[in-house]
Amino acid sequence: MESLLGVLKALGAPLTSINNVSSALRERQQSLRQRLMEPVTVAWNGARPVIKVCFPAELVDASGTCRLELESGKLSEWKWQADELPVLESVEVEGKSYITRKITLPESLPWGYHRLTLEVKGNACGTLVISAPQKTYSPSRGEESRLWGAFLPLYALRGRDSWGSGDYPALATLAERVAELGGNIMATLPLLPVFLDEPYDPSPYAPVSRLLWNEFYVDITKVPEFSACGPAQALVQSDSFRMAIKELQEKPMVDYRKLMALKRQVMEELCRCLFSSYTGRLEEFRRFIQAQPLVEKYAGFRAVMEKRQTPWPAWPQRLRDGALKESDYDKDAKNYHMYAQWLAHQQVQELSGSARGKGVKMYFDLPLGVHPDGYDIWQQRDIFTPDVAVGAPKDAVFTGGQNWGFPPLHPENIRKQGYRYIIDYLRHHLKFADVLRIDHVMGLHRLFWIPQGFDSSQGVYVRYPADELYAILAVESHRQKSIIVGEDLGIVPSYVRPAMARHGLHRIYVLYYELADNASKALRHIPRDTVASLNTHDMSPFAAFWQDADIVERVRLGLLDEKGTRKERQTRRAVKNALLAYLRNKGFLRTIDAGSRAVLKACLGYLSASRARIVLVNLEDLWLETRSQNVPGIGDKFPSWQRKARYGLEEFFQMKEVRNILREIDRLRKYKTGKER
């Protein structure tokens, strides 16, 4: 009950104890009735929008003006008389009468965001009208009906010339190699900026902002300034720098802090060279900053944080409120962050353009939240909810629940804002992403809020205006012709998947989650509008799963006790036996060999022969990797988001087994059976 009280307070309820809930609820109901219109209205599929207007008793005979402003800027006006509008509802709240009537707009609206303003007795109120197609974008059932591609975290990608981590040009090269074997999707983890100094959090799911790109992945040698900047070249060619890079390249783990510090040294020199050059590049940079004022604000934020060496919640009130002065930061630091964002933007743009030129779609990942000390929350505190964290209730794996550590968006305040932040971060991604994965798609409907000071198992579900969020996804995906994928794994309420189907979101099909111990039904049918894979970045590689090495690892990490281990091994043995029988019966496993490689090929064959829209292959599975990239929910016990791939880009694409498996996937994806599984 106390956790519920904490959540209600976070939502803005005027509560001091649980005894005040009934009076607060009455006050809330009254305040909702007192607003004439909802802040947002959705019109689907070109239907004429219907606007609900709640008139209090004193306005039942009122008249006024409606003003409609389309997203294009076109304006129209007309008069209305309250008693001539159709009645939808009549109620009494706290002794006061209210009549809800409807205004039907004279015509359907183009897809987009429009503003209807109602003027009555000298006052004005408005609603954002989202006119949207019912479904998000989906390509035709022709050539793009059975795609396939590869997945690898960018930090794990080792190129011949990389400095100890993957970079944007290396990802473009990987996409090209996939295309050479017939693939048309290249997937990776979020590419958003993260804290790599103080605070330090390299998780791609804890970004500083969802509106910018990660400068960590910039390839310095591909920056145009590099070839003409003597100080930068001298730095990179110095013995100490080359030795430091060599050490980073030889480490099995990515040393984010050290590599980012080295890259920053060079980028600072390049930035100084740019500002002293007065060339066309400098003018291009200035145009970029002028067109994207967000970048300058972000750079100021990062520069202040570096000067004060404290996160923004500890800043003086003026700085917390965003009123920054030049004396609050080092000018060179601000220039660096602007320049670094420009370079990151350019290389992501080149990555996307290069991939599209090869017929490859970039598959980006949109994380659920942002770092609590990050830019987005500092800049837009009104739409985030402090003193609350998002998480998940306890389940069979996480028996104590999960606390993901970032604050949720306020469901009412994002509506009042007109969803500007959400639209902005979707546009940021969809400009370059042909496929966008929405992390924890259940968050469109509800999130598990955990008040500060409470255990992660004591959270409360808070609902969100799902229809409005789906409408925004539909508008933005059609504008960029991008496929939207919803990550629907974990605890999924019964209404979520029907809603995803209704709005055309592609689902996730993960083989591990579909296994049953029944030989005739070992794997569930794979729906058409699905992204199918063996596993995800949060799971063990296939070889570890098949050899039970993941169970051993979970015991080592304290995630399984003796009883749980026995049960897990028993269950695993049953589902593996059922899977083998199923694959043999379906003709995907034609040998008695039940080793990791043979079963891997059979499972990938099953996925590839299906009618799933996209099949994704974790490249590490192809060389039977057994080490995970991430183990959720255990903090520093496991080096998540750090492990490099065992083989470099130039190595694994020359491996015969890797190429043969990918060629077979391509054959099965392009082969039309007329009887798809």
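Tell me, yes or no, whether segment 469-483 has at least one residue that is over 22 Å from LYS431 (Cβ atoms), of a type outside the set (A, V, I, L, M) and modelled with pLDDT of 95 or more. Among the residues of segment 469-483, not one is over 22 Å from LYS431 (Cβ atoms), of a type outside the set (A, V, I, L, M) and modelled with pLDDT of 95 or more, which makes the answer no.
In the list VAL575, VAL555, which residue meets the criterion of being touching a residue at least 60 places away in the same chain (Cβ under 8 Å), in a helix (DSSP H, G or I) and of a type in the set (Val, Ile, Thr)? Don't jump to the end; show me each part of the working.
Values: VAL555 fails: touching a residue at least 60 places away in the same chain (Cβ under 8 Å).
None of the others qualify; the one that does is VAL575.
Are any residues in segment 136-153 over 20 Å from ARG667 (Cβ atoms) and crowded, with 22+ Cβ neighbours inside 10 Å, and if so, which ones? Passing the criteria: THR136, LEU152, PRO153. Restricting segment 358-405 to residues that are among the aromatic types (Phe, Trp, Tyr) and at pLDDT 95 or above, the residue that is farthest from ALA314 (Cα to Cα) is TYR363.
Quick one: would you say GLN317 is surrounded by fewer than 17 Cβ atoms within 10 Å (Cβ to Cβ), under 30 Å from TRP148 (Cβ atoms) and out of contact with any strand residue (DSSP E or B) (no Cβ under 8 Å at 6 or more places or on another chain)? For GLN317, the condition - surrounded by fewer than 17 Cβ atoms within 10 Å (Cβ to Cβ), under 30 Å from TRP148 (Cβ atoms) and out of contact with any strand residue (DSSP E or B) (no Cβ under 8 Å at 6 or more places or on another chain) - is not met. Among the residues of segment 515-553, which ones are aromatic (Phe, Trp, Tyr) and over 25 Å from the mean Cα position of the chain (by Cα)? Hits for segment 515-553 are PHE545, TRP546. Give segment 487-528 a look and list any residue that's of a type outside the set (A, V, I, L, M) and within 26 Å of PRO110 (Cβ to Cβ), or say none. Result: ARG502, HIS503, GLY504, HIS506. Among the residues of segment 563-574, is there at least one that is within 19 Å of ALA543 (Cα to Cα) and crowded, with 20+ Cβ neighbours inside 10 Å? No, segment 563-574 contains no residue that is within 19 Å of ALA543 (Cα to Cα) and crowded, with 20+ Cβ neighbours inside 10 Å. Just checking, does segment 8-30 include any residue being buried (at least 17 other Cβ atoms within 10 Å of the Cβ) and modelled with pLDDT of 90 or more? Checking segment 8-30: not a single residue is buried (at least 17 other Cβ atoms within 10 Å of the Cβ) and modelled with pLDDT of 90 or more. The single residue among VAL218, VAL266, VAL254 that is of a type in the set (Val, Ile, Thr), under 22 Å from SER165 (Cα atoms), buried (at least 19 other Cβ atoms within 10 Å of the Cβ) and touching a Gly at 6+ places or on another chain (Cβ under 9 Å) turns out to be VAL254.
Quick one: is LEU624 in a helix (DSSP H, G or I) and out of contact with any His (no Cβ under 6 Å at 6 or more places or on another chain)?
Answer is no for this residue.
Which one of these is buried (at least 20 other Cβ atoms within 10 Å of the Cβ), among the hydrophobic types (A, V, I, L, M, F, W, C), farther than 24 Å from PRO153 by Cα and more than 23 Å from the chain's Cα centre (by Cα): TRP378, TRP312? Testing whether each residue is buried (at least 20 other Cβ atoms within 10 Å of the Cβ), among the hydrophobic types (A, V, I, L, M, F, W, C), farther than 24 Å from PRO153 by Cα and more than 23 Å from the chain's Cα centre (by Cα) leaves just TRP312. Are any of the residues in segment 412-433 closer than 23 Å to TYR470 by Cβ, in contact with a Phe, Trp or Tyr (Cβ under 6 Å, 6 or more places away or on another chain), surrounded by 22 or more Cβ atoms within 10 Å (Cβ to Cβ) and modelled with pLDDT under 95? Checked segment 412-433: no residue is closer than 23 Å to TYR470 by Cβ, in contact with a Phe, Trp or Tyr (Cβ under 6 Å, 6 or more places away or on another chain), surrounded by 22 or more Cβ atoms within 10 Å (Cβ to Cβ) and modelled with pLDDT under 95.
The values are calculated or read from the model by the stated rules, or taken from the named source; none is laboratory data. Because the structure is predicted, anything quoted here is derived from the model rather than measured. When we count neighbours, we look across all protein chains shown, and the Cβ atoms used for this are built from the backbone with ideal geometry, even at glycine.
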